1. What pairs from LYS112/LYS159; LYS29/LYS287; LYS123/LYS216 go past 29 Å between their alpha carbons?
2. Hey, which of these cross-link pairs are over 32 Å Cα-Cα: LYS165/LYS267; LYS116/LYS229; LYS93/LYS267?
3. Hey, got a sec? Which GluC sites (Glu not before Pro) in segment 217-277 land in a DSSP loop and have at most 12 other Cβ atoms within 10 Å?
4. Please work out the Cα convex hull volume for segment 1-50 and give it in Å³ per residue.
5. For the chain, what is the charge dipole size about the Cα centre, in debye to the nearest 20, if Lys and Arg each add +1 at the Cβ and Asp and Glu each add -1 at the Cβ?
6. Tell me, rounded to the nearest percent, the portion of alpha carbon pairs in segment 241-288 spaced more than 16 Å apart.
7. What is the extension gain from LYS116 to VAL283, computed as 0.36 nm multiplied by their sequence separation minus the C-alpha to C-alpha distance, in nm to one decimal?
8. If you take every residue apart from ILE289 with its C-beta less than 12 Å away from the C-beta of ILE289, what net charge results, scoring Lys and Arg +1 and Asp and Glu -1?
Amino acid sequence: MKTGIDGTGVAIVTPFHNYGTVDFTSLEKIIEHIIGGGVDFIVALGTTSEAATLSMDEKYAVVNFIKETVNNRVPIVLGCGGNNTHAIVDYIKGQDFDGIDAILSVAPYYNKPNQKGIYNHFKLIAGASPVPVILYNVPGRTCSTISAETTVRLAKEFKNIKGVKEASGNMEQIMKLLRDRPKGFKVFSGDDALTYPMMAMGADGVISVAAMGYPKQYSDMVRLLKAKKYDEALKIHFSLLEFIDAIFADGNPAGIKAALSMMELAKNNLRLPMVKINKALQVQLQKIISAY
């Protein structure tokens, strides 16, 4: 996998105008904000992007704009998952991967396949993808867990399955994964609040939402952790915890979009079924940002 896919990645939002169309001006501001803050790579069309609400034409437009704006300054990982295996394979075969360095593919949701089904799902995706594949385990959203054993099996059997975004919150699973993974297989935290303990156990970085708001602070923390400067990193971790809790308290990306609006980076607009965070949380989040 490209060397730059390591450390701090940011799953970016899709900003919208008040009348609902994609706000490319704000998208550019967010990209410049996070690259200027020192993040290591960008994830396009992840869950935080509200990809489920975007038309296919909008998805292509957003990805092309991100590629043009990033202009090879950092690697780009493309969100490319779902619960229809053959539809994902067809999408991969029709995608222009020029400027795309890897894909992030979520565990199949809603269908609730067993581990054999999950294994075969990713086997086909790995066979179709011309770039490295990062698995995404987020059972809180999918009701489908990629077990540590299945992850390790996939990592060992398919050379282009190069990493996992692990957002199970299950520290026993995470420890097994870190213990048993093959050499070179990367484990990224998928939970901002658990990045510190996961990296202290040997994880390689994070695919973050919080780093969209505070890219310098978050990426500094990750670099300190990689350098094993745990005390310095812990100070940043604790300083960011209140912000992290707040942006996830009433749904993602509703929280981070509210924060980006307060930071004057994008308007606070979402597409249904997502709605704005509640008013009490807005007041709390504004106080946190003002104090920080």
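1. Pairs exceeding 29 Å: LYS123/LYS216.
2. Correct reply: LYS116/LYS229; LYS93/LYS267.
3. Sparse-neighbourhood loop GluC sites (Glu not before Pro): GLU264.
4. That works out to 79 Å³ per residue.
5. Charge dipole of the chain: 640 debye, to the nearest 20.
6. 27
7. Once the chain is fully extended between LYS116 and VAL283, it gains 55.5 nm.
8. Numbers: positive: LYS287; negative: GLU242, GLU264.
So the surrounding residues net to -1.
Coordinate-derived values only; no laboratory data. Computed from a prediction, not measured in an experiment: that's the story for all the values here. Glycine gets a Cβ as well: all are built from the backbone with ideal geometry, and neighbour counts include every protein chain shown.
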